[in-house]
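Notes to accompany the following structure.
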Amino acid sequence: MARNFQDKELASLLRAMWIIRAFEEKVSALYAAREIVGLLHLGIGQEAVAVGACSLLRSDDYVFGGHRSHGHAIAKGADVDRLMAELAGRASGYCAGKGGSMHIVAIDAGFVTATGVVGGTIPLALGAAFAAKEKNKGQIAVVFFGDGAGQAGPFHESLNIASLWQLPVIFICENNGYAEFTPLSVHTKVERLAAHAKTYAIPSSTVDGNDLLAVRAAMTSAVARARAGKGPSFVECLTHRMRGHYEGDPAKYRELSQLAEWKKKDPIARFARALKNKKALTDQEIEKIEREARERIEKAAEFALSSPWPSREDVDSQVTG
C-alpha cells in the first residue's frame, strides 16, 4: 500500500511511543530480576506527552526532565543502548553508570539533564533559554515537570523571570493527578496548573495528554512562538501513570477503578486505533511496529547487560572542578 508523507510521519510517531513503552516495560522486568537497582520511576501511560512535544523540536534544542524522564530522553533522540546501560550501572552508559535513572544526561541528543529534585530543572531551562536568546539562532528550551512542582518556589520564580525577559522556553506540566502519593486536590486549590501561567502573562493551554495529536497541536503554537522571539508558553498535559510513583509502589492511595478508566485511554492503543480508522496503517503494520520496537529494546538490554562495570578510574570521570 502506497503511503503519503503524512501517513509515514504518523507511523513514526507510533513507533516512537512503542520504543518508549517497550523500553520501560523491559526496565521493569530487569528491575524485578535485580539487574537494575535503586529507585525507578516509570512513565508508562504518558508516552504521548514526550513524543508529541519532542517530535517538533530541533536536534539543537535543549530539553530538561525530572525523575520520570526515560521517555523524554528517548523522544529527544537518546540512544537506547547507552540509556539502558546507564540504568544498569554499566560503563557504556551515558554517565558511565554513575547517574542512573534520575540523572540522565544525553547531550548529544539535546537532552541536557534530569533530576530527582521536584522542579529542579525548571530554573536550569531558563539558563539554556537565556543562552539561546543571546545566540539568536532560533534554539529553544523545553522543560518537563509534574503537577507537584507547581507548589515549589522555583516554579513561580522561573515563570516570572521567563515572562519578564521573554525567554524562548516552553514549560510542559505532565499533570498526572498525583505528587508522588498525594492527589492534586490535597496539595493545591488550583485545579489546572496552567492558571499559574496566566498570573505571569504567559500564554497557556490545557490539553488531553493521552492524545498525541492534541499535544502536538499545542506544542506547534508554543514552538513557533518561542522561535519567533515572542517568549515563553505553558502547556499542561492531563495524563496518568499506569504504575505507582516508583517501581514496587503498592499504590494503595489510588482507586483501582480510576486506574481501569485510565487504561481505556492508553495513548498508544488510542493512537493506533486512530491510524487504523483513517486507513493510515493496517492491523498487521501496527503489530509490526510493536514487534520491531520490542526487538530493538531486547538488543538494548543485551548490550547493557554485556557491558563492563565501571572501573575505579571512572569514579571521577566526567567531573569538572
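What to note about this one:
- Close Cβ contacts (under 8 Å, 6 or more residues apart or on different chains) running from residues in the stretch 53-65 that are over 13 Å from ALA78 (Cα atoms) and among the hydrophobic types (A, V, I, L, M, F, W, C) to residues that are part of a helix (DSSP H, G or I) and open to solvent by 50 Å² or more (accessible area, probe 1.4 Å) comprise LEU56/THR220.
- In the condition set (1) assigned to a helix (DSSP H, G or I); (2) modelled with pLDDT of 95 or more; (3) open to solvent by 10 Å² or more (accessible area, probe 1.4 Å), TYR31 is compliant with all but (2).
- Pairing each residue of the stretch 69-82 that is more than 14 Å from GLY110 (Cα to Cα) with any residue that is open to solvent by 10 Å² or more (accessible area, probe 1.4 Å) and not charged (D, E, K, R), provided the two are 6+ apart or on different chains, yields C-beta distances under 6 Å for ASP81/PHE303; ARG82/TYR94.
- Number of the exception - GLU157 against (1) assigned to a loop (DSSP other than H, G, I, E, B); (2) in contact with a Pro (Cβ under 9 Å, 6 or more places away or on another chain); (3) more than 21 Å from VAL223 (Cβ to Cβ): (1)
- The set of residues in the stretch 111-127 being open to solvent by 10 Å² or more (accessible area, probe 1.4 Å), part of a helix (DSSP H, G or I) and either without any contact (Cβ under 8 Å) to a residue 40 or more places away in the chain or touching a helix residue (DSSP H, G or I) at 6+ places or on another chain (Cβ under 9 Å) (or both) consists of PRO123, LEU126, GLY127.
- Every pair of residues 6+ apart whose Cβ atoms lie under 6 Å, when the first sits in the stretch 91-110 and is among the polar types (S, T, N, Q) while the second is open to solvent by less than 20 Å² (accessible area, probe 1.4 Å) and part of a loop (DSSP other than H, G, I, E, B): SER92/SER307; SER101/LEU40
- Evaluation of VAL143 against (1) part of a helix (DSSP H, G or I); (2) within 25 Å of ALA48 (Cα to Cα) (one fails), failing number: (1)
- Enumeration of residues in the stretch 14-27 that are farther than 19 Å from SER307 by Cα and open to solvent by 10 Å² or more (accessible area, probe 1.4 Å): ARG15, ALA16, TRP18, ILE19, ARG21, GLU25
- Any hit, the stretch 90-101, residues being of a type outside the set (S, T, N, Q), open to solvent by less than 10 Å² (accessible area, probe 1.4 Å) and closer than 21 Å to TRP18 by Cα: no
Here is a yes/no grid of residues against (1) closer than 23 Å to LEU238 by Cβ; (2) open to solvent by less than 50 Å² (accessible area, probe 1.4 Å); (3) modelled with pLDDT of 95 or more:
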residue: ALA129; (1), (2), (3): no, yes, yes
residue: LYS133; (1), (2), (3): no, no, yes
residue: VAL143; (1), (2), (3): yes, yes, yes
residue: ALA152; (1), (2), (3): yes, yes, no
residue: LEU164; (1), (2), (3): no, no, yes
residue: GLU180; (1), (2), (3): yes, no, no
residue: PRO203; (1), (2), (3): yes, no, yes
residue: VAL215; (1), (2), (3): yes, yes, yes
residue: ALA222; (1), (2), (3): yes, yes, yes
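The values are calculated or read from the model by the stated rules, or taken from the named source; none is laboratory data. Treat the numbers as computed from the prediction; the structure is a model and nothing was measured. Every residue, glycine as well, gets a Cβ built from its backbone with ideal geometry; the counts of neighbours run over all protein chains shown. For accessibility, only protein heavy atoms count, side chains too; no ligands or nucleic acids. Shrake-Rupley method; radii C 1.70, N 1.55, O 1.52, S 1.80 Å.
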